[in-house]
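Take a look at the structure below.
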Amino acid sequence: MRKKRNVFVWAITILTLLIVVSLFFPFLSGVREVGRAVTSPLQGVLLSATVELKNRVEVFQSAEEVRNELEKLRGIEKRLQVALTEKEELKKENTALKEALGVDLHQEKEPIFAKVTGRELGKDRVIIHHTEKVSEGSLVMTPEGQLVGVIDSPGERSSSVRLLTSKESSFEVAIQSKNDPIGVLRGTGERELLLDLLPKDKDIKRGDRVVSLAGEKVPIDGVFIGRVAELKESDVEAFNTAKVWQGIDHRRLTYVFVAKK
Amino acid sequence: MTKYIFLFLLVSMIAVLQSSVFALFPLWGLVPNYLIIFVILYLLLEKERSSEGVFVAGFSGLWFDVFASTPFGVYTLCFLVGAYVLKLTFNRYVGVSIVS
């Protein structure tokens, strides 16, 4: 055992000396070159095969994710089909009721479904894609029926919508249940809208529902816009102002409805 | 002698795989050094009087030097010294002998 240990100590000493000498005279680097030259073909084959295998595994893993997503979507589709059936039944019931009450069915017009495809750069305008022709000034609403803007420049299949938040947007509005005009709604360029020219004698409270009022710029009455968020009363100014909160993130709009004029 | 040749080929194979294949399969974000693991396991499991583990460490250090850019021989030296220290420690405190 002692002999073995001595041999080992000698081996380490010689190797240390060799390394120290090779720092100044790099004769041992040739060994490295040979070693790399011998192994490089095998390494190349192994590496390319592994990369190929890994790519396949990743494709397989992503296929698994897609499959899971598809399962989820199938579940959603089933729920939507149920909802659609319910809607059809409600529609039939509605038609029957209207017929019974003698309401003229042709008076009502179905809104046009449109998909938001983009946003105009630097402007509070969105671009929508629709299948039917729309006209300038038509109201654009969320699927829930909240007003988001007005058709600004109509096209055959795509149009530009001026959002209510745009600084160019201003029109008369009313408080729901009180049909007389209460002020002018203006866009501020931010998410909040400004309700300007509010008469001081009008009873307006926080949370009041602001709706559209048919006029030159807006063709339909009573479309929900938002709620009064903050009332600013001024002793100096002739009119009060209020902030109107819509609660819509316009960047996330994907589908809208265009009301026919 | 045959055993030493076999050990050299085995260490070479692990070294080649370490420098090509294993790098693509990290575990929890890190690539384990299978060559070091092999050396430690060999030293731990070999017989007390056997000195093969130290040779395995020497071969491993040699391959480390081939695939590194440090002055040639530094890893060989580190592996040999490390293996010697480990061998002494294992003999004194652990004493598991499976590899003959």
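Does the stretch B:17-51 hold any residues that are β-branched (Val, Ile, Thr) and touching a residue at least 40 places away in the same chain (Cβ under 8 Å), and which are they?
Filtering the stretch B:17-51 for residues β-branched (Val, Ile, Thr) gives B:21, B:31, B:36-37, B:39-40.
Correct list: B:Val39, B:Ile40.
Hey, among the residues in the stretch A:12-26 that are more than 7 Å from every other protein chain (Cβ to nearest Cβ) and outside any loop (DSSP other than H, G, I, E, B), which one's modelled with the lowest pLDDT?
Filtering the stretch A:12-26 down to residues more than 7 Å from every other protein chain (Cβ to nearest Cβ) leaves A:13-14, A:17, A:20-21, A:24-26.
Filter again for outside any loop (DSSP other than H, G, I, E, B), leaving A:13-14, A:17, A:20-21, A:24.
Values: A:Thr13: 80, A:Ile14: 79, A:Leu17: 80, A:Val20: 77, A:Val21: 77, A:Phe24: 73.
It comes out as A:Phe24.
Report yes if some residue within the stretch B:59-80 is more than 27 Å from A:Phe25 (Cβ to Cβ) and of a type outside the set (Phe, Trp, Tyr); otherwise report no. Explain how you work it out, then say what you get.
Step one: of the stretch B:59-80, the residues more than 27 Å from A:Phe25 (Cβ to Cβ) are none.
No; the residues of the stretch B:59-80 include none that is more than 27 Å from A:Phe25 (Cβ to Cβ) and of a type outside the set (Phe, Trp, Tyr).
Please give the strands (runs of 3 or more DSSP E) falling wholly within the stretch A:177-261 in which 1 or more residues are at pLDDT below 85 and acidic (Asp, Glu). Before the answer, list the steps.
Working: elements: A:178-187, A:193-198, A:209-212, A:224-232, A:240-245, A:255-258.
Here the list reads A:178-187.
Report whether or not A:Arg162 is out of contact with any His (no Cβ under 8 Å at 6 or more places or on another chain), surrounded by 18 or more Cβ atoms within 10 Å (Cβ to Cβ) and without any contact (Cβ under 8 Å) to a residue 60 or more places away in the chain.
Values: out of contact with any His (no Cβ under 8 Å at 6 or more places or on another chain): yes; surrounded by 18 or more Cβ atoms within 10 Å (Cβ to Cβ): yes; without any contact (Cβ under 8 Å) to a residue 60 or more places away in the chain: yes.
The answer is yes for A:Arg162.
Test A:Leu198 against the stated conditions and say whether it is touching a strand residue (DSSP E or B) at 6+ places or on another chain (Cβ under 9 Å) and either small (Gly, Ala, Ser) or under 20 Å from A:Gly247 (Cβ atoms) (or both). It would help to see each step written out before you state the result.
Working: touching a strand residue (DSSP E or B) at 6+ places or on another chain (Cβ under 9 Å): yes; either small (Gly, Ala, Ser) or under 20 Å from A:Gly247 (Cβ atoms) (or both): no.
No.
Taking the options A:Val228, A:Val218, name whichever one is aliphatic (A, V, I, L, M), closer than 28 Å to A:Gly118 by Cα and surrounded by 19 or more Cβ atoms within 10 Å (Cβ to Cβ).
A:Val218
From B:Phe6, B:Phe59, grab the single residue that is under 18 Å from B:Leu86 (Cβ atoms), at pLDDT 85 or above and not β-branched (Val, Ile, Thr).
Numbers: B:Phe6 fails: under 18 Å from B:Leu86 (Cβ atoms).
Within the list B:Phe6, B:Phe59, the selection yields B:Phe59.
Could you tell me which numbered condition A:Pro143 fails, if it satisfies all but one of (1) loosely packed, with under 14 Cβ neighbours inside 10 Å; (2) without any contact (Cβ under 8 Å) to a residue 60 or more places away in the chain?
(2)
One residue is enough: does the stretch B:73-95 have a residue meeting the conditions of a type outside the set (Gly, Ala, Ser), surrounded by fewer than 19 Cβ atoms within 10 Å (Cβ to Cβ) and not in a helix (DSSP H, G or I)?
Among the residues of the stretch B:73-95, not one is of a type outside the set (Gly, Ala, Ser), surrounded by fewer than 19 Cβ atoms within 10 Å (Cβ to Cβ) and not in a helix (DSSP H, G or I), which makes the answer no.
Within the set of pairs 6 or more residues apart or between chains, which connect a residue that is part of a helix (DSSP H, G or I) inside the stretch A:50-75 to a residue that is among the β-branched types (Val, Ile, Thr) and at pLDDT below 85 with Cβ atoms less than 7 Å apart?
A:Thr50/B:Val21
If I ask for residues that are in contact with a helix residue (DSSP H, G or I) (Cβ under 6 Å, 6 or more places away or on another chain) and more than 10 Å from chain A (Cβ to nearest Cβ), which ones from the stretch B:76-95 would you list?
First, pick out the residues of the stretch B:76-95 that are in contact with a helix residue (DSSP H, G or I) (Cβ under 6 Å, 6 or more places away or on another chain): B:76-77, B:79-80, B:83, B:86-87, B:90.
Selection gives B:Phe79, B:Leu86, B:Phe90.
State whether one or more residues within the stretch A:106-124 are touching a Lys or Arg at 6+ places or on another chain (Cβ under 6 Å), modelled with pLDDT under 80 and loosely packed, with under 11 Cβ neighbours inside 10 Å. Explain how you work it out, then say what you get.
Taking the stretch A:106-124 as the starting set, the residues that turn out to be touching a Lys or Arg at 6+ places or on another chain (Cβ under 6 Å) are A:109.
Going one step further and asking which of them are modelled with pLDDT under 80, we end up with A:109.
From the residues that got through so far, the ones that are loosely packed, with under 11 Cβ neighbours inside 10 Å too are A:109.
Yes - at least one qualifying residue is present in the stretch A:106-124.
The values are calculated or read from the model by the stated rules, or taken from the named source; none is laboratory data. On a predicted model such as this, the values are computed, not experimentally measured, just so you know. When we count neighbours, we look across all protein chains shown, and the Cβ atoms used for this are built from the backbone with ideal geometry, even at glycine.
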